[in-house]
Amino acid sequence: MSIELGFALYKGLYLARRCEEYIVRHYPDDEMKTPMHMSMGQEAIPVGICHALAGKADILATYRSHAPFLAQTGDHGRFFAELHGRVTGTADGKSGSMHLSAPEAGMLGATAIVGSNISVAVGAAFANERLGTGRTVVAFFGDGAVDEGTFWESINVASLFRLPLLFVCEDNDYAVHTPKSLRRGYASLTAIVRGFDCLVYEDESNDVETIYFLTREAIAAARERRCPVFFNLKCCRYLDHIGIAPDGDACYREPDDVQSWRARDCVATQRARLIRRGLSEEILADHEQATDRAIEISIAQALAASVPAPDRLYRGVFHETS
Amino acid sequence: MDESPQAMTAASIQTYRDALFEAMEQALIRHDHTVIIGQGVTDHKGIFGTTIGLGERFGPRRVIETPLMEEGSLGICLGAALNGLYPINTHIRADFAFLAMNQMINLAAKYRYMFGGLFEVPMLVRLVIGRSWGQGAQHSQSPQSMFAHTPGLVVVMPSTPEAIRETYAYAIAHHRGPVISLEHRLMYELAFRSDPAPQSPSASQSGTPPFTSRLERRGRDVTIVATSIMVLEAKRAAERLAPHDIECEIIDLHCPSHPDRDLILDSVARTGKLLIADTSWLAYGVAAEVCRIVAGTAPHVLTAPVAMLGMQPAPCPTAKSLEDMFYPNLRDLMQAIVRLVTGGDNPAIDLPDERSMADFYKTFRGPF
């Protein structure tokens, strides 16, 4: 991979990571009154995939969608405004952390009901295929969503209809706080999904470049075969299911488990790789400082922005008639 | 359109089913982005005859057979709507739509609001209410209030072919959000004569959106607010009572999510008496909501307690002896009207001995 592309991926990782680190820093100020499910630790997946499909995919995400949103849009200004409940946010201050969207950037929404975005992604892919847009749809979901019936309805019908759709299971081992060992009556998810007419890929690298190339390869193969793709990508959420506490602090999980993942952190890995390839520490540090400043400005602007006026309460409940 | 006198005569008689078929056919002809999605839409029965042959004529990219996947099916419609199609989703029983409640309530109803107005999800969801011939607890439910309870959903209950044609054409051509229509299976076989001129000031010919209530009959003695097939029953009762100098005003609620409050309040202000006849349970339902409209705005206009008819507060039983008790019949309705208007029973009025409404609509013979 070229240094330029590797750097672009690093920028995506760094933005997602730093935005959440700033959230961790400022959450106790209680200015962001919205339940947050942090992406921290899992950034390589959305950053690798969204960059691989840049401009050619619609994505649908879950309540753990900070990294997918930022990877798809790069828009930390509206991101922080929305987290602060301001009119300058993505949704007029009506979505908070769990329903980020940006239709102009192909971010078709994040929902807070586990698994509910998957069939919507099937429909979006159905429309893209029917209307000949040439766009792929990506459905991000966790391994918990695979326990839901709607996942199986969706993988079945997407395979049946041969839709241009990438199912991305961000496999962080936990549904809220329940490990897979307590949830699955089978040994291998991918062994089952291979029974459908779709392409199945597994990856445990947690590496953004690997995921980037895997996506390119899979989408090319899927176009050839005219079928959907299923990704099972192992990852680790560093923080608790919800909120900003480190996940290893809780009783349900071994601290060593999270520590072993942190030892091969996707952001640090990519940074070290760029240095090895010859990118200077100075260039990296300049970018990091500029990003930090930009994020700080976004937070300051969010705090200074207006809260929704009372008349916004009823606006958009029903769809207007054209 | 053929507007010769012969064609007009022919067109003025139409079954509920044929109006539904016409609405589906017209949707596919007039709007290239319309798709019909559901389990059974291409089978030989075609959603009780309302999609028969459309799969062959318009192809599998317009009329889409799906596996049994109610939630997934509605999710697909939502995603397809997001990316530019107009989906029509079918369920041959409203009860089955409970499997799709997550998509309807948590997503479709909120997809505009919770994203700050960025998205449109235009779609029509057709649900069929079952009744009689042992439909039982899981093939007979009428969930209008469950949907209408949630802000963001338009819920309609067409009671005539005219209402189907107008409302569906309007929804598909003009409305950019989810519309849920509850069709009544018992009316499918009924032939209706269309009135040449619309009676209702809120009918779409006058330019008002058809997502509201309709005045169906004028009368001075009692206001009957009814839904779906209960509108037909109210009309039958009104015709039998008119010779006895009891004049019923009938309002077809038509759109439980958007009742015409002024129409109801003006009527009750004139008659002083209100009877609500709904296809579902009374508690927390249409009956309760219409009472809320009156009690919360002008309780003083009522000169008597409100009368209400609906399903008995039990799951629907299958034995005909129990099923006949479960639903109100014409006799119950007329008796309730007479008592409300005259303050008691009137032996001079011959109440019908029809034990079951379903027996009257005899063309219906199951199994669905």
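Averaging 1/r over every pair of different alpha carbons in region A:134-263 and inverting the result gives a Kirkwood radius of 15.8 Å.
In plain terms, chain A is cut at each of the chymotrypsin sites (Phe, Trp or Tyr not before Pro) found in a DSSP loop with at most 14 other Cβ atoms within 10 Å, and the longest leftover piece is A:1-185. Packing, taken as the mean count of other beta carbons within 10 Å per residue, orders the peptides B:237-248, B:33-44, B:318-329 from highest to lowest as B:33-44, B:237-248, B:318-329.
Per residue, the Cα convex hull of region A:46-176 amounts to 98 Å³.
Determine the distance separating the Cα centre of region B:252-292 from the Cα centre of region A:219-243; give it in Å without decimals. If you average the Cα positions of each part, the centres end up 51 Å apart.
When every Cα-Cα distance of region B:51-187 is counted in 5 angstrom steps from zero, the calculated P(r) takes the values 2, 10, 19, 23, 22, 15, 7, 2, 0, 0 percent.
Across peptide B:120-127, the mean count of Cβ atoms from other chains lying within 10 Å of each residue's own Cβ comes to 1. Ellipticity at 222 nm from helices only: DSSP H runs of n ≥ 4 in the protein assembly as shown, each -39500 (n - 2.57), divided by the residue count, give -12000 deg cm²/dmol.
When the GluC sites (Glu not before Pro) in region A:214-322 are filtered for DSSP coil states and for at most 14 other beta-carbon atoms within 10 Å of their beta-carbon, the remaining sites are A:Glu320.
At q = 0.16 Å⁻¹ the log10 of I(q)/I(0) for region B:204-360 amounts to -0.87, computed by Debye summation with a single uniform scatterer per C-alpha, solvent ignored. Its alpha carbons considered, region A:3-307 gives a radius of gyration followed by a Dmax of 18.5, 54 Å.
Antiparallel beta bridges, as assigned by DSSP with both residues in region B:202-327, represent about 20 percent of the total such bridges. If you take the Cα centroid of region A:156-195 and the Cα centroid of region B:294-350, the two points sit 53 Å apart.
Per-residue shielding of A:152-158, expressed as the average number of other chain Cβ atoms within 10 Å of the residue Cβ, stands at 5. Peptide A:106-119 has a mean of 5 when you count, residue by residue, the C-beta atoms of other protein chains within 10 Å of its C-beta. Counted over chain A, the DSSP beta bridges are approximately 15% antiparallel.
Distant-in-sequence amide contacts of B:Thr34, defined by a placed amide H-H separation under 5 Å and a gap of 5 or more residues or a different chain, comprise B:Tyr86.
Projecting the Cα atoms of B:Ser321, B:Leu302, B:Leu351 onto the dipole axis of region B:204-360, where Lys and Arg carry +1 and Asp and Glu carry -1 at the beta carbon, places B:Leu302 farthest toward the positive end. For the protein assembly as shown, the normalised intensity computed at q = 0.07, 0.09, 0.10 Å⁻¹ comes to -0.55, -0.83, -0.96 (log10 of I(q)/I(0), Debye sum over alpha carbons, equal scatterers, no solvent). What pairs from A:Lys56/B:Lys110; A:Lys33/B:Lys110; A:Lys11/A:Lys94; B:Lys45/B:Lys320; A:Lys56/B:Lys45 go past 32 Å between their alpha carbons? In this structure, A:Lys56/B:Lys45 lie more than 32 Å apart at Cα.
Looking at region A:121-169, none of the trypsin sites (Lys or Arg not before Pro) sits in a DSSP loop with at most 13 other Cβ atoms within 10 Å of its own Cβ.
Take every DSSP beta bridge with both residues inside the protein assembly as shown and express the antiparallel ones as a percent of the total, to the nearest 5. DSSP beta bridges in the protein assembly as shown are roughly 15 percent antiparallel. If you plug the beta carbon distance of B:Glu239 and B:Ala319 into 1/(1 + (r/R0)^6) with R0 = 25 Å, you get a FRET efficiency near 0.20. Checking every one of the trypsin sites (Lys or Arg not before Pro) in region A:1-42 against DSSP loop status and a limit of 15 other Cβ atoms within 10 Å picks out A:Lys33.
Coordinate-derived values only; no laboratory data. Given the structure is predicted, the values throughout are model-derived calculations rather than measurements. Don't worry about glycine lacking a Cβ; one is built from the backbone with ideal geometry, like all the others, and counts go over all protein chains shown.
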